[in-house]
Amino acid sequence: MVYPKVESRSVLITGCSTGIGLAAAVVLKGRGWRVVPTARKEQDLTMLRDKGFEPVQMEMADSGSVESGFARAMEICEGSLGALVNNAGYGQPGALEDLSRESLERQFTVNVVGMQHLTNLCIPGFRQQGYGRIVNVSSMLGRITMPFMGAYCASKYAMEALSDALRVELHGSGVAVSLVEPGPINTHFGDNSVEKLRDLDVDTSHFGGEYRTQDQRLDARRERQSAFMLPPEAAAKKIVKALESGRPASRYKVTVPAYIGAAIRRLAPDWLVDRVFIEIWKKRAKNETHFKT
């Protein structure tokens, strides 16, 4: 489907402290876009100012912060926003039985509710001007579920569903909705996820031994993924395509594992996918009884 060109080349990008968000901000700025990046922490806002941006403080878990941040972004763009890139988010690790209600709520509040709240603030302006682009940065884990990352996967499945619904609901408005589905990207995402393990009660968990070895396994996992891992600029290039193409795709996969994961989910039966993950985690776990079936 052909969509109108984004006449106001201004874009609001969430989660720009590091990784994909920061790379997208830099790449788009270099292509002549007026970029309004967001971050939570003052040190990250200072870093973005030093790079020549006029950033906005935004905490996705706080509705007031989302609304005030959006209002400030509209002031910077002089009332005309052309695009939104929903990149902010994090991954809560842990077996589902170990996650508190608060952990689950925050995972969805940040990755899903806050994202959709900000999107809904942008839509009326997009409809009025007759054009706009919405790019949601999802994950290959929004298509295939990894054990011990169930909460994060569920949040990305939700993003995928909301994006599919919104794409149809915005038909005829001139507003395109695209998903970017990275696989292994060289960012701080893994480190941040390991930090979140501190929220878990490791001593009483059935999977305590698994959690205690996560720091050691992070380096090994990076080494295994290095052949497929791409820099965040690879995802940024797909974001550019979604914003600038006259025929934006509904989904943009970024890495080889993202393509493989989508194919597995489409073609492989559930029992086979389960068996693959069971065997993988048997090899990694010190106590293999965790995974006996």
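None of the figures in this text is laboratory data; all of them are computed from the coordinates on show. Small disclaimer: the values here were computed from a predicted structure and weren't measured. Glycine also receives a Cβ, built like all others from the backbone with ideal geometry; neighbour counts cover every protein chain displayed.
Remarks
- Net charge, ALA73 excluded, C-beta distance under 12 Å - Lys, Arg +1, Asp, Glu -1: -2
- Vicinal HN-Hα couplings computed from phi for the range 241-249 (Karplus, 6.51 cos²θ - 1.76 cosθ + 1.60; Hz; Gly/Pro x): 4, 5, 7, 9, 6, x, 10, x, 6
- Full extension of the chain segment joining ARG247 with HIS171 gains 26.0 nm, where the gain is 0.36 nm per residue of separation less the Cα-Cα distance.
- Look at LYS283, LYS238 and count the other Cβ atoms within 10 Å of each Cβ; fewest to most, that gives LYS283, LYS238.
- Residue pairs, from the table LYS51/LYS253; LYS253/LYS283; LYS5/LYS238; LYS51/LYS241, whose Cα atoms sit over 21 Å apart: LYS51/LYS253; LYS253/LYS283; LYS51/LYS241
- Rg then Dmax, both in Å and based on the Cα atoms of the range 1-139: 15.3, 49.
- Projecting label points 7 angstrom from Cα along Cα→Cβ for LYS29 and GLU7 puts them 2.8 nm apart.
- 3J(HN,Hα) from dihedral phi, the range 267-280, Karplus parametrisation 6.51/-1.76/1.60, rounded to Hz, x for glycine, proline: 10, 8, x, 4, 4, 6, 4, 4, 5, 4, 5, 4, 5, 4
- Neighbour-count ranking [beta-carbon atoms within 10 angstrom, fewest first] of LEU84, LEU267, LEU48: LEU267, LEU48, LEU84
- Amide H to amide H, with H built 1.01 Å from N, SER10 comes under 5 Å of ARG34, GLY82, ALA83, counting only residues 5 or more places away or on other chains.
- Whole-Hz ³J(HN,Hα) from phi, Karplus 6.51 cos²θ - 1.76 cosθ + 1.60, for the range 56-65, glycine and proline x: 10, 6, 8, 10, 5, 7, 10, 4, x, 5
- Residues with amide H under 5 Å from that of GLY132, placed H, sequence gap 5 or more: ALA176
- Order of LEU104, LEU179, LEU141 under a 10 Å beta carbon neighbour criterion, fewest first: LEU104, LEU141, LEU179
- Spacing of the modelled spin labels on GLU75 and ARG266, each 7 Å from Cα toward Cβ, amounts to 4.7 nm.
- Other residues lying with their Cβ under 15 Å from the Cβ of LYS238 contribute a combined charge of +4, Lys and Arg counting +1, Asp and Glu -1.
- In this simple spin-label model, placing a label point 7 Å from the Cα along the Cα-to-Cβ direction at both ASP164 and GLN128 gives a separation of 3.3 nm.
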